[in-house]
Amino acid sequence: MVRLQFSIELHYDIDAPGCDFIFNIHAAQTAHQIVVHESLGMSQALATNLYTDPVTHNRYLRLHAFGGPLTVRYDATVDLDHFIGQPAQLSEVAVANLPGEVLPYIYPSRYCQSDRLHKFAVKEFGHLWQGYGRVQAIRDWILQRVNFKSNSSTGNTTAVDTLIEEVGVCRDFAHLMIALCRAVNIPARFATGIDYGADPLLGPTDFHAYVEVYVGDRWFIFDSSGVAIPMGFVRFGTGRDAADSAFATIFGGVRGTAPVIRIDAIPNAQGELVVPRHVNHALSTDGQLSRH
């Protein structure tokens, strides 16, 4: 079991009279991601409302802040007790047999125009075995053609844009992979969080976007950008694309700086230090879903 300890510090300068925030910076509580300890601190004395979506497990912190400086700090210790799957045994699920809660993730969405990529995806991947291996092939195909480059896209960049321009950041890699999976009827969703083990040459630790794909009977993790270690992902939120999974949504005038994030692997409850590493098997922090 991997145990990760981390902190997130966010700094804002808010215009008077104030503004509203919806944060998604709390670690999700799932079948295989257990929050051992967490704390929240703020530089203003504010009333807060923490809501957990019963389907996605996203945890939303809502608050109204006053004009002036605001610092929000979240600290947590999380255990990752991954479900391990064997890729050769994980086949795709026919649309008719998908659980109801999975259905939103086979449709096109704002940043993942799978309908526009259908013919292309069928040509490239339609002949492959319909299972985990096809998802991995889509991910590998993207890594061979798209270059990771910081500040190479905007908040309006879509999967089609990334396919054409062949450059992007983790958000763009995730959108393209999701769109190509959905184009061949594989449910895929956008996931956000932080990660342990990213290449330090990419800069300070930051929020990370990756992909979860539904094969077999649960959601499995894929690092669509190839810059991190899936075993070290701590999930905060999931959604159809980035529009559903922002770490902060702000209503009002505000200026912010880059988040300050620290994450470390520490000994687990058994006293064993398990450091995230690349593995060949499939990993999931989600529970099994029943087919309807």
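Going by the structure shown, is I221 surrounded by 13 or more Cβ atoms within 10 Å (Cβ to Cβ), in contact with a Ser or Thr (Cβ under 7 Å, 6 or more places away or on another chain), at pLDDT 95 or above and in a strand (DSSP E or B)? Don't jump to the end; show me each part of the working.
Details: surrounded by 13 or more Cβ atoms within 10 Å (Cβ to Cβ): yes; in contact with a Ser or Thr (Cβ under 7 Å, 6 or more places away or on another chain): yes; at pLDDT 95 or above: yes; in a strand (DSSP E or B): yes.
Judged against the criteria, I221 is a match.
When the stretch 157-173 is filtered for residues that are crowded, with 23+ Cβ neighbours inside 10 Å, touching a helix residue (DSSP H, G or I) at 6+ places or on another chain (Cβ under 8 Å) and not basic (K, R), the ones remaining, listed by number, are A159, T162, G168, D172, F173. Selection of first residues in the stretch 137-166 that are in the same structural domain as G203 (by TED's automatic domain parsing) and touching a residue at least 60 places away in the same chain (Cβ under 8 Å) and of second residues that are in a helix (DSSP H, G or I) and of a type in the set (A, V, I, L, M, F, W, C), restricted to Cβ pairs under 7 Å at least 6 apart or on distinct chains, gives the following pairs, ordered by first then second residue: R139/M177; I142/F173; I142/L176; I142/M177.
Taking into account only those residues within the stretch 33-63 that are of a type in the set (A, V, I, L, M, F, W, C) and outside any strand (DSSP E or B), which is modelled with the lowest pLDDT? Steps first, answer last, please.
Taking the stretch 33-63 as the starting set, the residues that turn out to be of a type in the set (A, V, I, L, M, F, W, C) are 34-36, 40, 42, 45-47, 50, 55, 61, 63.
Subsequent filtering for residues that are outside any strand (DSSP E or B) retains 45-47, 55.
Details: A45: 96, L46: 96, A47: 94, V55: 86.
For the stretch 33-63, the residue satisfying everything is V55.
Could we say that V72 is surrounded by 14 or more Cβ atoms within 10 Å (Cβ to Cβ) and among the aliphatic types (A, V, I, L, M) here? Yes, satisfied.
The set of residues in the stretch 229-253 being surrounded by fewer than 18 Cβ atoms within 10 Å (Cβ to Cβ), assigned to a strand (DSSP E or B) and not polar (S, T, N, Q) consists of A248, I250, F251.
The values are calculated or read from the model by the stated rules, or taken from the named source; none is laboratory data. On a predicted model such as this, the values are computed, not experimentally measured, just so you know. Ideal geometry is used to build each Cβ from the backbone, glycine not excepted, and the neighbour counts take in all protein chains shown.
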